[in-house]
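The numbers here are math on the coordinates, done by the rules we state, and not lab data. All values derive from a computational prediction rather than experimental measurement. Note: ideal-geometry Cβ built from the backbone for every residue, glycine included; neighbour counts use all protein chains shown.
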Amino acid sequence: MRATVIEIENLRKKYRLGAIGSGSFAADLQSWWARKQGKEDPNTVLTAVDMEKGPKEFWALNGLDLKVYQGDTLGIIGRNGAGKSTLLKILSRVTAPTEGCVKLNGRISSMLEVGTGFHGELTGRENIYLNGAILGMKKREVDEKIADIITFSECAKFIDTPVKRYSSGMYVKLAFAVAAHLDSEILVMDEVLAVGDMRFQEKCLNKMGSVADKEGRTVLYVSHNMNTIQQLCNRCIVLDQGKIIFDGGVEEAVKIYMGNQKESSSLVDLRNMERPEEFQGLSAKLLSLEALDYANGCFTDCEKVRFRLRYEGYRDAKDLSLRIVMNYADGSPVSMMTSPQELRLRADKEEEIIFSLNLAEVVSGKYTLSLVLYEVNRYGTRYNCDGIKDAFCFEIKRKEDAAYGMEWSHRYWGHVALPQIEILSRS
Amino acid sequence: MEENWTTVLKPGNKWYELNLRELAAYKDLIFLFVKRNYTTRYKQTILGPLWLIINPLFTTFMYAVVFGGIAQIPTEGVPALAFYFGGNILWSYFATCINQTSGTFVNNAGILGKVYFPRLVMPISTVLTGLLDFLIQFVLFLVICGIYMISGVTIRMNGSILLLPALVLQVAVLGMGIGIIVSSVTTKYRDLSVLVTFGVQLWMYASPIVYPLSQIPEKYQFLYLLNPIAPAIVIFRYAFLGIGEIPFLSWGISWGVTGVIFLLGAVLFNRVEKTFMDTV
């Protein structure tokens, strides 16, 4: 049996929502005095807004147990806010757990963000030493590896130039090169590979793979990118609301992560869904979306998928359009669709439209739709009136077989099946 | 089966868990931070490290003009330049220690929030950087004294100059102690950082920098010397300029205070360092 390198027991981490503390000594004194007098603390009186937001505490990690063995490359996936980053932060000792404990065997080094501690005025070489030391290397160790690091970084020509003159790509390459040559037994990474050009990304992946395979080190990797997880990891855990809901093979974990996205019911109330900042406007609000040809979270006939959308306007406007972005359940985009500029707004009036999408080419799988209502003014500039990301989740089950006998591989082939190849002539 | 874990992460620190061995393992990092502070400070400046000398010289001239010339505060027969310069460099080292270390957590939140290393590395390297500055300025101080001696002014430098390492150590430890207390508390209360810059300025006037101890009435001198930094400055002036005498009792008390402040600082720092990222 391989040695256990990380053992996590009932790990919990609490965060307080809203402002932490009162921020000033005076207010804290006030609270303290009030408590002494047995009165209500004036600084914890909840305002109406606070009440609406619910409890003030939030468990980012809620009872996590995990054992990681030597040589594991463990992928950690989960939706935003599932606790992935908190877990890594605790493991890399940036913050301490609220309850429970973590036992480590060996040095741990984290690459939560590449280039931490780089100083713009120092040269590449000086920064390698500094960054190496920050990550826990001794000067002697860096001395031994500096040639490798420089070669790996592909920055040899600029190594004695201050890094503030570097392009952002070079900066990242150098930073990654240092981190990749760490000697620690456990490596923790948070989506560092989302940087650099394609070729360098591949190089990094290979390096990480060999670190685990040949040198027997342990790698923990957090990402939203299912592709890299599948390439890099041999074991995967899925986090949800601070708990591990799955621990095992990568393929299955990815499936569970995707399946974790529940299909929407046929009528979706959009009023209280969270709006990303870039979609927020003042002129309209999306109210609800109803799927008309929907059965059990599933579309089977995709030529004409009809929806009823209701929205209200806060002023009069014409020439609005609807934009719909379709994503696969792992977050990778499928396509974008727009409507003609025929929608209108009336102040304080509700509008209702029925539209249809043609999803005939899309292969079976789970998808989400993001809606944006936008306005085009007479200068041709587009303004978002309102929009919601992943407003509607659904599954497509095609009757016919898009891959003609093979199982469709979303990872390699994408999500759209173009028509079968037509043979025009044969010898 | 019990395994030998190299690290165990638990909520909170015991107050006595100062991990000195770990700190020693990171001595290369301390050295590199000092080097970084040096090489980056005077990048793209014309005079470069000369500023290290120009700064205290100008301050000294100002003191000599304002306090010596206009306010007519006596310097006990020692040339004004040597008198003010000596006090000034020791004080500015002290002030630097406090000011620079007091921002440890808030100013370095970016790097401290990404990667772990013993947090004490940061204040220690700042204090060491300041020490180098002090030594350079100290050499200039000796040069000034030497010039006066050659030109026939009596400067009664005496054997107590051997106390210098103890004096500098005390200044550094006291400054860093106060600095880390402030840095620990500022993670929650930012107002303290404003208070510190201001407080250090006021403190200077409560210490014998721009005037000799003899200006304080005899019966209040013991009380005055409870200011933990005052005895160090008085002894420094006695050793190199031969004015005043060594207040042994006060010095002992000030060492006690220094020790208590430093311990308190270390304990506070230790408590805060694990979770400051959640409040900073």
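Relative to the Cα centre, the charge distribution of the stretch A:128-286, modelled as +1 at Lys and Arg Cβ and -1 at Asp and Glu Cβ, gives a dipole magnitude of about 360 debye. Per residue, the convex hull spanned by the alpha carbons of the protein assembly as shown comes to 272 Å³. Based on DSSP H segments of at least four residues, each scored -39500 (n - 2.57), chain A has a per-residue ellipticity at 222 nm of -7000 deg cm²/dmol. A straight chain from B:Leu140 to B:Thr39 at 0.36 nm per residue would run longer than the Cα-Cα distance by 34.2 nm. Across the stretch A:195-217, the residues whose backbone nitrogen lies under 20 Å from the label position 7 Å along the beta-carbon direction of A:Ser167 are A:195-205.
Bridges between two residues of chain A, per DSSP, are antiparallel at a rate of about 75%.
If I take R0 = 51 Å and measure r between the Cβ atoms of A:Arg16 and B:Ser160 in this structure, what FRET efficiency does the formula 1/(1 + (r/R0)^6) give, to the nearest 0.05?
Working: r = 55 Å, r/R0 = 1.08.
Result of the calculation: an efficiency of 0.40.
Peptides A:121-134, B:172-185 ranked from most to least packed by the mean count of surrounding Cβ atoms within 10 Å: B:172-185, A:121-134. Positive-end ranking of A:Ile354, A:Leu289, A:Val305 along the dipole of the stretch A:267-404, with charges on Cβ about the Cα centre, is headed by A:Ile354.
If R0 is taken as 51 Å, the Cβ-Cβ distance between A:Lys207 and A:Gln420 corresponds to a FRET efficiency of 0.80.
Remark: relative contact order (chain B) = 28 percent; criterion is Cα-Cα distance under 8 angstrom and separation of 6 or more residues. With a Förster radius of 25 Å applied to the C-beta separation of B:Leu264 and B:Tyr220, the computed FRET efficiency comes to 0.35. Please compute the net charge surrounding B:Gln44, taking Lys and Arg as +1 and Asp and Glu as -1 over other residues with Cβ under 14 Å from its Cβ. Surrounding charge for B:Gln44 is +3. The Cα atoms of the stretch B:20-279 give a gyration tensor whose axes a ≥ b ≥ c have a/c of 1.5 or more with a/b greater than b/c, which makes the shape prolate.
Cβ-to-Cβ counts within 10 Å put B:Ile89, B:Ile70 in ascending order as B:Ile70, B:Ile89, the fewest first. Provide the gained length on full extension for the span A:Arg308 to A:Thr381, in nm with one decimal, where the gain is 0.36 nm per separating residue minus the Cα-Cα distance. Length difference between fully extended and current span is 23.6 nm.
Taking 7 Å steps out from each Cα toward its Cβ at B:Thr197 and A:Trp32 produces label points 2.6 nm apart. A simple spin-label model places the labels of B:Leu47 and A:Arg235 6.2 nm from each other, with each point 7 Å out along Cα-to-Cβ.
With only Lys, Arg, Asp and Glu charged, each at its Cβ (+1 for the first two, -1 for the last two), find how big the charge dipole of chain B is about the Cα centre; round to the nearest 20 debye.
Details: 17 positive and 12 negative charges, 87 e Å.
For chain B, the charge dipole is close to 420 debye.
Here the simple spin-label model places points 7 Å from the Cα toward Cβ, and for A:Ile245 and B:Met62 these points are separated by 6.4 nm.
Which stretch or stretches of the stretch A:387-402 have amide N atoms under 20 Å from the point lying 7 Å from A:Asn358's Cα along the Cα→Cβ direction? Under cut-off, by backbone N: A:396-402.
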